[in-house]
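The structure appears right after this line, and notes come after that.
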Amino acid sequence: MFGQTCGLIITLTLIVVVFNFHGSTNKVVLLYGRLVIAIAIQDAVFCTYEIGVQHILCFSGNKMFVNAYGWEQFAPEWILPPAFFFHIFFICNTFTFLPAIYSYRYEYLKKLSWMSLFARLGISMTCSAIGSFAAALAARKSLIRGKEYYLKLLPKAWFDDHGQSVFIYAVDLDDNEAVFWVFSTIVVSFSSISTTVYYAIKSANVVRENIHEESPSSNSVQKQFNRGLMAQTIAIGFMSNVPALVLFSCIALGFDGTYLGTQFMFSMSYVSATGSCMTIYFMRGYRRWLGKKLFGLKDRYDDNTSKGTSVKITTTQNN
């Protein structure tokens, strides 16, 4: 919960910085601001939701036991499957957004449009929703079997000294819905990594071959942009995408891990805070604006990004 609370605070701070930073006359800064906002809004919603549910996962006997320390303990059973849908949906969005962001970065060279970004994010959320819907159906089936059935299978480590637990429902790989959820998550995770790498390489080649800087300051803006985007990728990829791929691969192969889910959720809880911190650090304009507002710091150097330095980029249409 601490990591998600920090993530929510830092992410909201980042959103305020992006909306108030006066560097939008620069095309690269404008583009990067849109990418940051897209990820930051998702992170803020994700952190808010996770603070409310506080899930801890346990894997044993080809089953995932969902233990909740939040409001779900007091919710009626009918609301638990939809609640689990959104839990999985927001987690999946953290890595399905990556290919959308990188493909938009590549395509912006041809057409800078909000609708193009919205379309890509819509596809990403649709992919997230497919697996999440299967997860909700699997949770519903476990509730039909009854909580007592799974309490008998829950490892003793998840009971307190009085024999009580915070277990609420399970995802059972004996059910087709659960198998489809695990399979779809592995496919989506792997596809997200592959597509992200593909567009990252394509974008790097286009920029390297076709960019013409008018001044050294233009090159500085481009470097900040690349470093900031790479920071988001590292945070999301290594703290969300890769752990999810490993986690669900272990489930699919039948490995038992009483505390495997705990390690996964610990990593996930800090992904938003880490990504936002790295973004503020690498984008000099954001960092200076925040330092000025919080601590009254004055720039020792001219902030080139706020002067509207332009970056000329020409592209060639590949057939």
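Going through Ser132, Ser142, Ser184, Ser192 one at a time, which residue ends up being more than 21 Å from the chain's Cα centre (by Cα) and of a type in the set (S, T, N, Q)?
On the way: Ser132 fails: more than 21 Å from the chain's Cα centre (by Cα); Ser184 fails: more than 21 Å from the chain's Cα centre (by Cα); Ser192 fails: more than 21 Å from the chain's Cα centre (by Cα).
Answer to the check: Ser142.
Inspect segment 25-34 for any residue being assigned to a loop (DSSP other than H, G, I, E, B) and within 30 Å of Ser249 (Cβ to Cβ) and give the result as yes or no. The answer is no; no qualifying residue exists.
The single condition among (1) among the polar types (S, T, N, Q); (2) without any contact (Cβ under 8 Å) to a residue 60 or more places away in the chain; (3) touching a helix residue (DSSP H, G or I) at 6+ places or on another chain (Cβ under 9 Å) that Gln164 does not satisfy is (3).
Note on segment 79-107: residues that are over 22 Å from the mean Cα position of the chain (by Cα) and touching a residue at least 60 places away in the same chain (Cβ under 8 Å) amount to 1.
If only residues of segment 14-43 that are surrounded by fewer than 18 Cβ atoms within 10 Å (Cβ to Cβ) and polar (S, T, N, Q) are counted, the one that is modelled with the lowest pLDDT is Ser24. Examine segment 79-88 for a residue that is at pLDDT below 90, among the small types (Gly, Ala, Ser) and in a helix (DSSP H, G or I), and state whether such a residue exists. Within segment 79-88, none of the residues are at pLDDT below 90, among the small types (Gly, Ala, Ser) and in a helix (DSSP H, G or I). Among the residues of segment 130-177, those that are hydroxyl-bearing (Ser, Thr, Tyr) and assigned to a helix (DSSP H, G or I) comprise Ser132, Ser142, Tyr149, Tyr150. Here Ala38 does not fit the description of being more than 27 Å from Leu253 (Cα to Cα) and touching a Ser or Thr at 6+ places or on another chain (Cβ under 6 Å).
Candidates Phe255, Phe266: the one that is surrounded by fewer than 19 Cβ atoms within 10 Å (Cβ to Cβ) and either at pLDDT below 70 or part of a loop (DSSP other than H, G, I, E, B) (or both) is Phe255.
Considering (1) surrounded by fewer than 22 Cβ atoms within 10 Å (Cβ to Cβ); (2) under 18 Å from Asn62 (Cβ atoms); (3) at pLDDT below 75, the lone condition that Leu247 does not fulfil carries the number (1).
Looking at segment 44-78, which of the residues that are without any contact (Cβ under 8 Å) to a residue 12 or more places away in the chain and assigned to a helix (DSSP H, G or I) is surrounded by the fewest Cβ atoms within 10 Å (Cβ to Cβ)? Quick ask: steps written out before the conclusion?
Taking segment 44-78 as the starting set, the residues that turn out to be without any contact (Cβ under 8 Å) to a residue 12 or more places away in the chain are 74-76, 78.
Those still in the list that are assigned to a helix (DSSP H, G or I) too: 74, 78.
Details: Phe74: 7, Trp78: 9.
Here the answer is Phe74.
When Ile280, Ile201 are screened for being at pLDDT 75 or above, over 29 Å from Lys152 (Cα atoms) and surrounded by 15 or more Cβ atoms within 10 Å (Cβ to Cβ), only Ile280 passes.
The values are calculated or read from the model by the stated rules, or taken from the named source; none is laboratory data. Everything numeric in this text was worked out from a predicted model, so none of it was measured. Here the Cβ is made from the backbone with ideal geometry for all residues, glycine too, and neighbour counts use every protein chain on show.
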